[in-house]
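Here's the structure we're looking at; comments come further down.
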Amino acid sequence: MESIPQFLEEKLITEYGKDTYLKILEGYKTKRNTSIRVNSIKTSIDEIKNVLDKESITYKEVSFYKDALTLDGEQEEKIRGLNIYEDGLIYMQSLSSMIPPLVMDLGDNQDILDMTAAPGGKTTEIASIVQNNANITACEMDKIRCDRLRFNIEKQGARVLVMEKDSRNIDEFFKFDRILLDAPCSGSGTLDLNNEKQIKGFRKELVEKSIKRQLGLIRKAVKILKKGGELVYSTCSILKEENEEVVKEVLKDSSLELVNIEINKKDLPILESLEKTLTLYPTENYEGFFVAKLRKK
C-alpha cells in the first residue's frame with residue numbers, strides 16, 4: 001500500500017484537523033462498494049429490484065435518491081453480465097457523482113448545459129430526471145472521451161446534443177437556464193492508496209493546473225447563464241483551493257449568490273465546508289466530493 005503524498009497530508013491536516021484527516025485517510029484505504037443508478041427513461045426501480053432479486057444480488061437503498069442502489073460485496077462483474085446493464089436500464093455510477101444533477105432544480109423545456117460531460121453519467125442522469133423533456137447540451141473536448149459520451153447517451157436512450165468542444169469556447173450568444181460544471185480536478189477525493197500509479201501521479205502541479213482550468217470554466221459558465229438561472233459546480237476533490245476558493249473567487253461578481261443545497265443529508269459523510277456548500281469525505285460508499293450551487297440574480 002502506497003503512502004499519501006506529504007504535501008497532500010499537510011494540506012488536509014491544515015484544512016480539516018488531524019482527527020478528520022485520519023477519517024479521510026481511512027477512506028483512501030477502503031475499497032468502495034459498487035453503486036448503480038436506475039435509468040427511469042427505460043425502466044423503474046421496482047423492475048430493477050426484481051431482476052436483482054432473481055439473480056440473488058443483494059443491494060441497499062439510498063436515502064437521498066430513490067433511483068440509486070448500492071451493491072454488497074464483489075458484484076460489479078456479475079452486474080456487467082446482465083441484460084439490464086447491456087441494454088442501458090442501469091448505469092454504474094458513484095453515489096457522490098449522482099448528487100449534482102439532483103440539486104439542479106431541473107424542469108421541462110429548460111435549456112441545460114453539462115460543460116464537461118464525458119463519460120456521461122451525470123448527463124444521462126439529467127435526461128432521466130427530466131424524462132427527455134428538456135433541451136440538454138453536453139460538451140467534451142477530447143475526441144476519445146466524446147465518443148464514449150455519445151455511446152453512453154445512445155445506450156441510455158437520452159436525448160442530448162453533443163458538442164466535441166472545449167466549453168470555455170462556447171459562443172456567448174448561447175444562454176442556459178441550468179449549467180452543470182463538474183470540473184476537471186486533482187481527484188483528491190478519490191485517491192486509492194492501493195493504486196501505485198495514481199498516488200505517484202498526484203503532484204502539486206496537478207492541483208495547480210486543475211485550479212487554472214476550473215477558474216476558466218466557471219467564469220465562462222457565469223457568462224452563458226441566464227438571469228435567474230442556476231449553476232451547480234462540483235469536483236471529486238476535497239481541497240479547498242479547488243472548491244471553496246474557486247467559488248469565493250467567482251462570487252466576487254455581485255450578480256451571483258450561493259443557494260442552499262436541498263438534499264437528504266442524513267447518511268452523507270459530511271466535512272466542514274463553506275456555508276451552503278457540501279463536501280463529502282471518502283468512505284466505502286462515497287467518493288470525496290464537493291458541490292456548490294450558484295444563482296444569477
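Taken together, the values in this text are just the output of simple stated rules run on the coordinates, not laboratory data. The model shown is predicted, which means the values in this text are computed figures rather than measured ones. Because the Cβ atoms are built from the backbone with ideal geometry, glycine has one as well, and the counts that use them run over all protein chains shown.
Between Met98, Met163, Met115, the GNM of the chain built on Cα springs shorter than 10 angstrom shows Met163 fluctuating the most.
Shape call for the stretch 192-297 from the C-alpha gyration tensor, a ≥ b ≥ c root eigenvalues: rounded (a/c under 1.5), prolate (a/b greater than b/c) or oblate? Walk me through the numbers on the way to the answer.
Values: a/c = 2.64, a/b = 1.38, b/c = 1.91.
Here the stretch 192-297 falls in the oblate category.
Let a ≥ b ≥ c be the square roots of the eigenvalues of the Cα gyration tensor of the stretch 18-118; is it rounded (a/c under 1.5), or, if not, prolate (a/b larger than b/c) or oblate? The shape class here is oblate. If the reach is capped at under 12 angstrom between alpha carbons, list the aspartates and glutamates near Lys293, excluding any in the same chain fewer than eight residues apart. Qualifying aspartates and glutamates at Cα under 12 Å: Asp105, Asp182, Glu230, Glu244, Glu257, Glu262, Glu275.
Take the Cβ-Cβ distance between Val51 and Glu2 as r, set R0 to 45 Å, and report the resulting FRET efficiency rounded to the nearest 0.05.
Values: r = 38 Å, r/R0 = 0.84.
Approximately 0.75, to the nearest 0.05.
Counting neighbouring beta carbons within 10 Å and listing from fewest to most, the residues Tyr65, Tyr85 come out as Tyr85, Tyr65.
With the helix formula -39500 (n - 2.57) applied to DSSP H stretches of n ≥ 4, the chain reaches a computed 222 nm mean residue ellipticity of -10000 deg cm²/dmol. Distances between placed amide hydrogens fall under 5 Å for Asp67 paired with no residue 5 or more residues away or on another chain.
Considering only beta bridges that DSSP places wholly inside the chain, some 60 percent are antiparallel.
Spatial offset of the stretch 123-141 relative to the stretch 187-261 amounts to 21 Å, using the alpha carbon center of each. Taken along the Cα-to-beta-carbon direction at a fixed 7 Å, the label points for Lys297 and Lys248 span 2.1 nm.
Sorting Asp177, Asp105 from the fewest to the most surrounding beta carbons within 10 angstrom yields Asp105, Asp177.
I need to check one value: relative contact order of the chain, counting alpha carbon pairs closer than 8 Å and at least 6 residues apart, in percent. Walk me through the numbers on the way to the answer.
Details: 583 pairs, mean separation 62.4, N = 297.
Rounded, it is 21 percent for the chain.
Footprinting exposure proxy ranking of Ile13, Ile126, fewest other C-beta atoms within 10 angstrom first, gives Ile13, Ile126. Length available on full extension from Glu74 to Asp105: 0.36 nm per residue minus the Cα-Cα distance, which gives 7.7 nm.
Let me know the shape class of the chain, please: from the alpha-carbon gyration tensor, a ≥ b ≥ c as square roots of the eigenvalues, rounded when a/c is under 1.5, otherwise prolate if a/b is greater than b/c, or oblate.
Details: a/c = 1.57, a/b = 1.04, b/c = 1.51.
The shape class here is oblate.
Find how much the distance from Phe174 to Arg159 grows on full extension, using 0.36 nm per residue of separation minus their present alpha carbon separation; answer in nm with one decimal.
Numbers: separation 15, 0.36 × 15 = 5.40 nm, distance 1.88 nm.
Taking Phe174 through Arg159 to full extension adds about 3.5 nm, to one decimal.
Projecting the Cα atoms of Thr14, Ser273, Met141 onto the dipole axis of the chain, where Lys and Arg carry +1 and Asp and Glu carry -1 at the beta carbon, places Met141 farthest toward the positive end.
Only lysines eight or more places from Lys49 in sequence, or on another chain, were considered; those with a Cα closer than 26 Å are Lys31, Lys60, Lys66, Lys78, Lys122, Lys155, Lys265, Lys266. How about the stretch 230-297: which GluC sites (Glu not before Pro) there are in a DSSP loop, with at most 14 other Cβ atoms within 10 Å of their Cβ? When the GluC sites (Glu not before Pro) of the stretch 230-297 are filtered for loop state and at most 14 Cβ neighbours within 10 Å, Glu262, Glu272, Glu275, Glu284 remain. Between Met141 and Ser63, the modelled label-to-label distance comes to 3.9 nm, taking each label 7 Å out from Cα in the direction of the beta carbon.
Nearest 5 is fine: what % of DSSP beta bridges in the stretch 177-297 come out antiparallel, could you say?
Details: 14 of 19 bridges.
In the stretch 177-297, approximately 75 percent of DSSP beta bridges are antiparallel ones.
Relative contact order, whole percent, for the stretch 214-297 stands at 40, derived from Cα pairs under 8 Å and 6 or more residues apart.
Annotation: amide H-H contacts under 5 Å for Met163 (H modelled 1.01 Å from N, sequence separation of 5 or more, or interchain): Ala138, Cys139, Glu140.
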